[in-house]
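Peer 1: I have a structure here, written as structure tokens, and I will follow up with some questions on it.
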Amino acid sequence: MVELLQYAKRRADAFRGDQATETTHGASAGTHLQLWLLVFAVVFPIAVALIVSTKETGVVTSLGDLVPGSYAVENYREALVDYRFGRFMWNSLAMSLVIVVGKLIVSVFAAMAIVYYRVPYKDLVFLFILFTLLLPVPVRFIPLFQLMNDLGWSNTILAITVPYIASATTVFILRQHFLSIPTSIVETAKLDGVGPLRFMLFVLLPMSKGVLVGVSIIMFVYAWNQYLWPLIIIDSEANQVAQVGLQLLQGDVQGGQLSWSLVMAGSTLTLLPPLLLMIVFRKPLLETFSIQQK
């Protein structure tokens with residue numbers, strides 16, 4: 001009788017195990033299905049834009065029109081050369097690189113001072129830096145526009161780069177990372193007589209390569225997508241950036257009809273630089289996001 005009960009218990013445990021395994025596989029399949037649906041929702045508009053950019057006019061009225069055309073080379077050449085979209089992309093690249101380098105320099109020094117120096121009321125200063133995140137950027141446009149005109153910087157690269165060099169978000173991320181570095185390393189550097197600049201260049205920055213790369217990608221994408229401020233402060237079309245250049249492509253109407261193929265060609269070109277950077281440096285980018293969560 002006892003053996004019979006033990007056998008029944010083993011069979012019941014095995015049955016529950018099989019049910020748990022089936023439930024796990026079912027949940028995993030459901031999760032994968034949701035992920036594939038999300039990927040499709042993200043990729044589908046990009047695929048449509050890429051297909052439309054290869055057509056003659058870019059007009060899509062049915063699913064049958066979503067077939068690649070034979071005008072890809074002509075459309076991209078016309079956007080880059082005839083409409084000078086290559087110049088717009090070069091201006092965006094120069095603006096983004098200046099902003100990234102400037103933000104890194106300012107943010108590294110600021111985060112280092114907050115973490116490693118005995119600055120009076122440094123916690124209050126750090127809270128004030130974070131408080132600037134609550135101030136919407138468009139609120140600052142009117143006084144900033146007046147300041148740029150007074151300095152004689154309007155319609156120059158200085159006007160679209162200098163106002164974005166300070167970054168509370170970057171200071172916060174670097175501060176969190178610097179706090180995670182063991183204090184023993186800092187104490188050893190002090191005992192060895194390593195000065196502040198040498199400590200930053202030969203200890204702090206080499207230990208922060210991944211975070212710095214991830215932060216740089218975030219800052220680059222943010223700078224690359226700037227639209228409203230360059231539209232306001234830049235008057236010359238030759239000095240405009242890619243996002244405003246897209247609007248210029250949309251404003252060109254041929255025969256009473258908008259050339260969507262050119263617009264989508266410009267959109268695809270604008271998407272490429274940040275997309276390539278995010279693909280190449282995806283690991284440092286994920287590391288940066290994990291630091292933000294911590």
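The values are calculated or read from the model by the stated rules, or taken from the named source; none is laboratory data. Quick caveat: nothing in here was measured; it's all calculated off a predicted structure. Note: ideal-geometry Cβ built from the backbone for every residue, glycine included; neighbour counts use all protein chains shown. Heads up: the accessible areas ignore ligands, DNA and RNA and are worked out on the full protein's heavy atoms, side chains in. Shrake-Rupley method; radii C 1.70, N 1.55, O 1.52, S 1.80 Å.
Peer 1: If the requirement is being assigned to a helix (DSSP H, G or I) and either open to solvent by 80 Å² or more (accessible area, probe 1.4 Å) or at pLDDT below 85 (or both), which of these qualifies: S70, S28?
Peer 2: Values: S70 fails: assigned to a helix (DSSP H, G or I).
So the residue among S70, S28 that is assigned to a helix (DSSP H, G or I) and either open to solvent by 80 Å² or more (accessible area, probe 1.4 Å) or at pLDDT below 85 (or both) is S28.
Peer 1: Among the residues of the range 166-181 satisfying the criterion of being outside any helix (DSSP H, G or I) and open to solvent by less than 40 Å² (accessible area, probe 1.4 Å), which is farthest from P274 (Cα to Cα)? Explain how you work it out, then say what you get.
Peer 2: As a first pass, look at the range 166-181 and keep what is outside any helix (DSSP H, G or I): 166-167, 181.
Keeping just the survivors that are open to solvent by less than 40 Å² (accessible area, probe 1.4 Å) gives 167, 181.
Numbers: S167: 19, I181: 30 Å.
Here the residue is I181.
Peer 1: Among the residues of the range 48-67 satisfying the criterion of being open to solvent by less than 60 Å² (accessible area, probe 1.4 Å) and modelled with pLDDT of 80 or more, which is farthest from L262 (Cα to Cα)?
Peer 2: For the range 48-67, the residue satisfying everything is V48.
Peer 1: Something else now. Just checking, which of P138, P143, P230 is assigned to a helix (DSSP H, G or I), over 21 Å from F109 (Cβ atoms), free of Cβ contacts under 8 Å to residues at least 12 places away in the same chain and not aromatic (F, W, Y)? Walk me through it before giving the result.
Peer 2: Numbers: P138 fails: free of Cβ contacts under 8 Å to residues at least 12 places away in the same chain; P230 fails: free of Cβ contacts under 8 Å to residues at least 12 places away in the same chain.
When all the criteria are applied, what remains is P143.
Peer 1: When the residues of the range 182-214 are narrowed to those that are small (G, A, S) and in a helix (DSSP H, G or I), which ends up surrounded by the most Cβ atoms within 10 Å (Cβ to Cβ)? Step through it out loud before you land on a result.
Peer 2: Applying the first criterion (small (G, A, S)) to the range 182-214 yields 184, 189, 193, 195, 208, 210, 214.
Subset that is in a helix (DSSP H, G or I): 184, 189, 208, 210, 214.
Details: S184: 8, A189: 18, S208: 19, G210: 17, G214: 24.
So, considering only residues that are small (G, A, S) and in a helix (DSSP H, G or I), the one surrounded by the most Cβ atoms within 10 Å (Cβ to Cβ) is G214.
Peer 1: Within the range 109-143, restricting attention to residues that are open to solvent by 80 Å² or more (accessible area, probe 1.4 Å) and aliphatic (A, V, I, L, M), which residue is farthest from L201 (Cα to Cα)?
Peer 2: Among residues in the range 109-143 that are open to solvent by 80 Å² or more (accessible area, probe 1.4 Å) and aliphatic (A, V, I, L, M), the one farthest from L201 (Cα to Cα) is I142.
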